[in-house]
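Q: Dropping a structure here in structure tokens format, bear with me for questions.
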Amino acid sequence: MAILLPYQVEIVKGIDSKKFSVAKMARQTGKSFVVSYWATKRAATKPNHTIVVVSPTERQSKLFVDKVKLHVKAMKLTGVKFFENAELKKLEVNFPNGSQIIALPANPDGIRGFSGDVIMDEVAFFRDWQEVYRAVFPIITRKKDYKLIAISTPFGKNDLFYYLWSISENNPKWFRYSLNIFEAVEKGLSVDIEELRAGIKNEDAWKTEYLVEFIDEADAVLPYELIQKCEMPKEEILAKDIRKLKGDLYCGVDVGRRKDLTVITLLEKLGDVLYLRRIEELKKTPFRKQLEIIDHYAYYCRKLAIDETGLGMQLAEELKEKRGSKILPVHFSAKTKEELAEKLRVKFQDRLIRIPSDPDLREDLHSVRKTVTNAGNIRYEGSTQESHADRFWSLALAVYAAGQKTFNFIFKGVKIPWL
């Protein structure tokens, strides 16, 4: 166990000591690494045993198995003959003693039928978590020493991880472990905390990703739960070539007023559902180049809504002159922001929108808060002064564009009586 940091040693010992374990850990502190080490050790020392690893997506399941493979290869290099005949597959590792580690995405139907230990990786990001947990829990039923392990960075207060963290409190049957970034550094992790803090301006993101706090969703326009239910793997939703898209296209452009950032969001409408196919960020891009890129999207879109406040006014004016009625200039006032934010919220509530699963996009969407001033006015702003929530407003503008009527004119031959 010399390869483990002190807190990772604590986690391995804790998991060994209890039937149920839940570990709440900051990003990049080695959650999957230490639990994959435990799984490798467990499989090697317990013949004919199955360990089922459940992750939010197949890609994440593969990443977990890749860590198991690293441990197996490390053991081979140290000369441990047992691991020489281990069979390494994409989502599975089979050991010479008949034990196996199988990784699966969090799909309730695909999880059923197994018996053994269960490791739930990044539990806070499971979709349909009630159904997933209902399918997962019986796996550990048959034997007293079967274990259930949940690891994650916190997300919100309405997911499986928060549920498990809550029921484990003051429960002697559970091993419960919390590690924020400061505690990890004190216990041997080598990272620059000040550098990390400088690079993440969103206060909620800092609190969840590094301070491992569960955030209250009361004021968020888009709570994590709503966002999560509308997420899809990037490879399944983002389009490399927008010319090949078959549905109607709509675009939203938030023109940056802070840090020279302009965000372009492209949606494809298929039936009643909007799919986010492209999100492009223009950082410190000259005006003429921005106009050229936005006009390229406008060419393929039925409607393009652009923020004409401040610096966006000239862009909107020139695009309108060239593309006519398909360009929708939008002036950001308190009333306009409310309308845009609420229309976007309804799309998420009704699950009529799909977005890529991306941490930056997720945090930006979650950062917008609905607040009431002392004068009784409603405001929709980012959770910090640094956060303009460019991606949120770009997506809101695209949704607004998709909600505007477009007309297809069909001309038919008409016989005029006096001709």
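The values are calculated or read from the model by the stated rules, or taken from the named source; none is laboratory data. This one's a predicted model, so the numbers in the text were calculated from it and none came from an experiment. Using ideal geometry, Cβ is built from the backbone for each residue, glycine included, and neighbour counts are taken over all protein chains shown.
Q: Does His49 qualify as being within 28 Å of the chain's Cα centre (by Cα) and over 23 Å from Tyr163 (Cα atoms)?
A: The answer is no for His49.
Q: Then there is this: Under 6 Å between Cβ atoms, which residue pairs at least 6 apart in sequence (or on different chains) link something in region 300-313 that is assigned by TED's automatic domain parsing to the domain that holds Pro286 with a partner that is buried (at least 17 other Cβ atoms within 10 Å of the Cβ) and in a loop (DSSP other than H, G, I, E, B)?
A: So the pair list comes out as Asp307/Val255; Asp307/Phe332; Thr309/Phe332; Leu311/Val255; Gly312/Val255.
Q: Oh, and also: Go through (1) touching a His at 6+ places or on another chain (Cβ under 9 Å); (2) farther than 24 Å from Trp174 by Cβ one by one and return the number of the condition Gly156 breaks.
A: Going through (1) touching a His at 6+ places or on another chain (Cβ under 9 Å); (2) farther than 24 Å from Trp174 by Cβ one by one, Gly156 breaks only (2).
Q: If you don't mind, there's one more thing I want to ask. Look at Val221 and say whether it is within 18 Å of His366 (Cβ to Cβ) and over 16 Å from the mean Cα position of the chain (by Cα).
A: Spelling it out, Val221 is indeed within 18 Å of His366 (Cβ to Cβ) and over 16 Å from the mean Cα position of the chain (by Cα).
Q: Among Glu169, Glu183, which is assigned by TED's automatic domain parsing to the domain that holds Gln130, surrounded by fewer than 18 Cβ atoms within 10 Å (Cβ to Cβ) and part of a loop (DSSP other than H, G, I, E, B)?
A: Glu169
Q: On to the next question. May I ask you to list the residues in region 349-379 that are assigned to a loop (DSSP other than H, G, I, E, B), farther than 29 Å from Gly247 by Cα and not β-branched (Val, Ile, Thr)?
A: Across region 349-379, the qualifying residues are Ser367, Asn374, Ala375, Gly376, Asn377.
Q: Only one residue in Ala44, Ala23 is under 26 Å from the mean Cα position of the chain (by Cα), assigned by TED's automatic domain parsing to the domain that holds Phe175 and within 25 Å of Lys144 (Cβ to Cβ). Which one?
A: Step by step, each of Ala44, Ala23 is checked, and only Ala23 is under 26 Å from the mean Cα position of the chain (by Cα), assigned by TED's automatic domain parsing to the domain that holds Phe175 and within 25 Å of Lys144 (Cβ to Cβ).
Q: Mind listing just one residue for me: the one in region 267-319 that is assigned to a loop (DSSP other than H, G, I, E, B) and in contact with an Asp or Glu (Cβ under 7 Å, 6 or more places away or on another chain) and, of those, surrounded by the most Cβ atoms within 10 Å (Cβ to Cβ)?
A: Arg302
Q: Has region 213-224 got any residue that is crowded, with 21+ Cβ neighbours inside 10 Å and over 30 Å from Trp393 (Cβ atoms)?
A: no
Q: Within region 340-348, does at least one residue satisfy the condition of being in the same structural domain as Lys269 (by TED's automatic domain parsing) and not in a helix (DSSP H, G or I)?
A: no
Q: From the list Ser61, Ser32, pick out the single residue that is at pLDDT below 95, assigned by TED's automatic domain parsing to the domain that holds Ile193, farther than 24 Å from Arg142 by Cβ and surrounded by 15 or more Cβ atoms within 10 Å (Cβ to Cβ).
A: Ser32
Q: Report the residue count in region 186-203 for those that are at pLDDT 90 or above, in a loop (DSSP other than H, G, I, E, B) and of a type in the set (D, E, K, R).
A: Of the residues in that region, 2 qualify.
Q: Being assigned to a helix (DSSP H, G or I), more than 25 Å from Leu245 (Cβ to Cβ) and out of contact with any helix residue (DSSP H, G or I) (no Cβ under 6 Å at 6 or more places or on another chain) is true for just one of Lys322, Lys337. Which residue is that?
A: Lys337
Q: Output the residues belonging to region 120-150 that are under 20 Å from the mean Cα position of the chain (by Cα), under 22 Å from Thr50 (Cβ atoms) and either crowded, with 24+ Cβ neighbours inside 10 Å or acidic (Asp, Glu) (or both).
A: Met120, Asp121, Glu122, Val123, Phe126, Glu131, Ala150
Q: With at pLDDT 95 or above, closer than 27 Å to Glu363 by Cβ and either β-branched (Val, Ile, Thr) or in contact with a Gly (Cβ under 9 Å, 6 or more places away or on another chain) (or both) as the only criterion, which of Ile101, Ile149 stands out?
A: Criteria check complete, one pass: Ile149.
Q: Can you tell me how many residues in region 75-97 are touching a residue at least 40 places away in the same chain (Cβ under 8 Å) and farther than 17 Å from Val65 by Cα?
A: Going through region 75-97 one residue at a time, the tally reaches 1.
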